[in-house]
Structures are given as structure tokens and as C-alpha cells.
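Each remark here refers to the structure printed beneath this line.
Coordinate-derived values only; no laboratory data. This is a predicted model, so every value here is computed, not measured. Glycine also receives a Cβ, built like all others from the backbone with ideal geometry; neighbour counts cover every protein chain displayed.
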């Protein structure tokens, strides 16, 4: 008993030391691009955001109110990261706990330093913390059905869901691993508590047309590419180790589970890695998306060590060999001393200087960037000045499309940046490369309006005119005037997409009469477009652009199938 207490105390001290290191790293490492985006979340408190639930924004808000710098942004994620390590120790069966192995493999896993128990303000960290807490409480709940544990589980499930949508996978794999949970009365109490606590986020999703689910489940799909599967496998071997990961994966996947608790962990482990393996077929999978599988990975891996005594030694050797390399990379996040390519260095260094160089030209004017949501977030973080990203048909929607910033900038002077260069733009040299920009006296754009093509499935011969109806609606709380006094009058345009190849956008001709649209109002436009010149299946997007702005993203595309003239019997008429 005394030995166990001594080991538990040592793990607590290790977790506190880990916390101190992370706080130092948090203070001296420049803001990471996605962190700046999440920091901007916290400046606009809400029960939901386009990409994620609000937990991370709440944590950043609390920390930034104490320390208004990078330490504040990362304060509570760092605390939760250290807490995850401490809880993880108690998830391991007592007879399988090996302090020495544990202390060498945790620092030797790359994802532990960033997304699982790291310093960065990323949504995986609260997810892993509350998932670890969930596994700990669930272990007792599976052994003994008590009201206290059910109440705690209901709260933790809600907190897990508020952290990241991947929590749904944890709940799903838990239920299918032990379906008799559905027969417990207390299970429905857990579900009821979690549902009630999660209602504010559900209402937020309903108000915003379930934008998060449409993005994650539909918009992120890409054409199948075999390399995506190979990338996924390679990335997982890298972030789980790189060296100890192969052994841990082998031990965890070959573990013959004992009891309902280990079966639940095994289902989560196999389920997470299997789910994202299948996801790699339809698109790119980020390495950190499996972060919530790390607690089951470590627990089952160490629990299986007794059957492979030789691997215990290799885990320690490979852990010791890996840690110096990881420490070198963590030091690089603070000091730019490694001869790495510029595109890698720019991810972690020079962002503050970059923002200040732009501010010297922009002054107090807001800066409007194109397409990349990270740029305005970083600029806003380091300068305190308003910035915005105007997303067009070459990119995707994000949180900036939901905020009221676009409307707030209407008819105001802005510095408008763009990709590439044109004769009519000025050029600003920055530490991260040249930026072409326009000085706009009266800015406007209209991505906040929704535009739906009423016929979602269109067929037409190639190169012929097509009559369409489009519905323009105003989902905002303010009237939108398409005839406002601005330098960039809106033009209704259409664009064709064919997988990754995009055609040039074309102006709708003749233009419909554009006027004011009241909140909740809908207007039907009858427009004429031309079918693509080549046969094939295309995505058709109709949206607002301007003389210098590519068409925006005002709604979902329709499917347009263009077929040869010969199939219509019109070949002779066209001669």
C-alpha cells in the first residue's frame, strides 16, 4: 500500500513538472495560427462556433482574463493536459502500473506534447481530459450502478461533448461494447442530464442551420486518393511515437481484454483508429484526430506488457532515445535555430513582426484578407485591430461567415489583401512574403446573404443557355442593401467545379435587379447562365462577387450534368 502511495505521489510530481514546462513553453512560444482563431472565438462568446463546440473558447476566455498574452490563451489547456496525465495513471490496472515505463513513454509520444497533454490551446486537450475522466468514472459505474456515479457521468459526458464532436464516437463505441447499459435506469438518467446540459449548443446549431454538422459531414469530403490512406497510417505511427508507438499499438491491439471495462477501452481504441482509417478514403485525416484514443492505447498497451517481458525493456530504451529529439523540437518552437524550410519556420516564428508590418500600412483601418481564416486571427491577436477574411469559391466557409464583422465593415475604409498580384494593387513586403493589396475607401461584400439554387439537379446540353431560379434570403437580424454606397458593387456570378479542377467564374447576364432585403425576407431571381462547353458532371455555384472580388460562398452548390449536343438531336440545328 505504501509503495502504491509513493508511486502515486511521484506521478503527481511528474504531472506538476509537466505543467511547469508547458507553462514556460506557453509563455515564450508565439501564437499558433489555429490558436489565434480559437482566441478570436473567445472574443465573441457563444454556445457554438462553425468548426467546434465552445469549450475551448470558454477556457481561453478565462485564462486570457488573467494573463492577456499567449500564457493566458494556453493556461487552462495546460492545466487540463497535466491533469490528463495524472488521471491516465489511475486508468491503468493497479497490477499493471510500471512507473518507470510510464514516465518514459509519455514524453516519447509526439501527440502528448501538443494535442493530448500539451501546451497548445487546441480542442483535443479538453476532449482528452474529459474523456479520461469519463473512462475513470465509467470504470466504477460498470462495476457498481450508483446514483452518484450516474450524475457525474451525465455532467462529464456533456463537458466532453462541449469539447469536440469526436466525443460522439466515444459514446457510440462505449454503448456497442456494453449494450446492456441501455437496460439500466441510471443510463437514461445520464443521457437526460447530458442532453439538458447540451441544449444551449443544440439551439445554437438550430439557429445557424446546423452549420458545423454540414461542414464536418458533407463539405470536407474530397475525391478518393490512395495516398491519403498511406498518409494516415504513416502519421499515426509518427504521432504515437515515433518509436514507442509501434510497440504500444501492437500491445494494445493484441491485448485479450478482461471484463467489460477493458472491452469498452478496446472498442474505443479499435473504433477510433478504424473510423479514421475509413475516413481517409473520403478525405485527408489530420494526425491529431485520433487523440481521444490515446488513453485506451496507453492503458491497454501497458496492461499487456506482462505477456511480453522483452518489450518492457525496449519501451524504456526507445523512450529514452526519442525524448532528446522531441525536446529539440520543443525548443525550436521558442527559438528559431534549426535550418528548416521557410514554410515550416513561418508556422511558429515571425507572426508578430508580420502583423506589425501590415499594421504600419493599414493603420487603424481594418484589414480584409482572402480565404485563410488564420491570417486575420493572427493579425487581430497581435495588433488588437479588427480583421476579416472574405471567403470565396476557391476556399470554404468558416466562423467569419457567421460573425457580424462583414456587416460592420460596410462602407468603411479597409486595406483589402488578395492572392497574387495585379497592376492595380500595391505591394507590401513582409517577413512572410509579399502581400498585394488595395486601398478601399468604401468596402462591402455580401457573403452573409444566403443564395439557393432551387433546382438542385440540372441537365443541359453543352454550351447552351439555361434558365434558373435562385432564392436569395437574409438570415441576419439587419436589412442588407445590395445598392449600398460602396466601391465594390455586388455582381451576381456563377462558377463551375469539377472535382479539384475549377472553371473560371462568369457574370450572370443580364443582371437581376438588386435591392434591399429585410431580415428573414426571401427574393426569387430568374437568371440565365450558360452550360459548360465540355460534357461532364459539375458543381454549380451562384453567388455574389464584384469587379475585383471572386464569387463568394452564399450557399450550397447544385449538380449540373452537361452532355453532348448529339444526345439531344440538336446537332444538325447547331451547324
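Each Cα pair under 8 Å and six or more residues apart adds its separation to the average, and for the chain the resulting relative contact order is 12 percent. Here segment 198-307 yields Rg over Rh of 1.07, to two decimals, using C-alpha coordinates and the Kirkwood radius. Where the alpha-carbon atoms of segment 450-568 are placed on the principal axes, they occupy 48, 27, 26 Å, in descending order.
The chain gives an Rg/Rh value of 1.01, both radii derived from C-alpha positions and Rh following Kirkwood.
Ordering of 516-526, 314-324, 377-387 by packing is 377-387, 314-324, 516-526, highest average first (other Cβ atoms within 10 Å, averaged per residue). At what distance in nm do the modelled label points of residue 457 and residue 566 sit from each other, each positioned 7 Å from its Cα along Cα→Cβ? With each label point 7 Å from Cα toward Cβ, the separation is 2.6 nm. Using the Cβ-Cβ distance between residue 147 and residue 281 with R0 set to 45 Å, the FRET efficiency works out to roughly 0.55.
Once both labels are positioned 7 Å from their Cα atoms along Cα-to-Cβ, the gap between residue 441 and residue 8 label points is 7.3 nm.
At 25 °C and a viscosity of 0.890 mPa s, what translational diffusion coefficient does Stokes-Einstein give for segment 2-334, taking Rh as the Kirkwood radius over Cα pairs? Give it in µm²/s as a whole number. Once the numbers are plugged in, D ends up at 120 µm²/s. Building the convex hull from the alpha-carbon atoms of segment 350-440 and averaging its projection over directions returns 5.7 nm². Distance between the modelled labels on residue 404 and residue 547, one decimal in nanometres: 3.1 nm (7 Å Cα→Cβ projection).
For the chain, adding -39500 (n - 2.57) for each run of n ≥ 4 DSSP H residues and dividing by the number of residues yields -15500 deg cm²/dmol at 222 nm. Here the residues 94, 35, 537, 262, ranked from fewest to most Cβ neighbours within 10 Å of their Cβ, fall in the order 94, 537, 262, 35. For segment 295-377, the spread of Cα positions along the three principal axes, ordered from largest to smallest, is 65, 29, 17 Å. Just so you know, the Cα atoms of segment 127-282 work out to an Rg and Dmax of 17.5, 49 Å.
Note: relative contact order over segment 419-484, using C-alpha pairs below 8 Å and six or more positions apart, is 25 percent.
Most tightly packed first, judged by the mean number of other beta-carbon atoms within 10 Å of their residues, the peptides 125-138, 99-112 read 125-138, 99-112.
In degrees, nearest 10, range 0 to 90: what is the angle between the Cα axis of helix 374-383 and the longest Cα principal axis of the chain? Roughly 80 degrees, rounded to the nearest 10. The long axis of helix 309-334 is offset from the longest Cα principal axis of the chain by roughly 40 degrees. Put in line by how crowded their Cβ is, counting other Cβ atoms within 10 Å and starting with the fewest, 55, 329 read 329, 55.
Sequence-distant contacts, meaning Cα pairs under 8 Å at least 6 residues apart, place the relative contact order of segment 245-322 at 45 percent.
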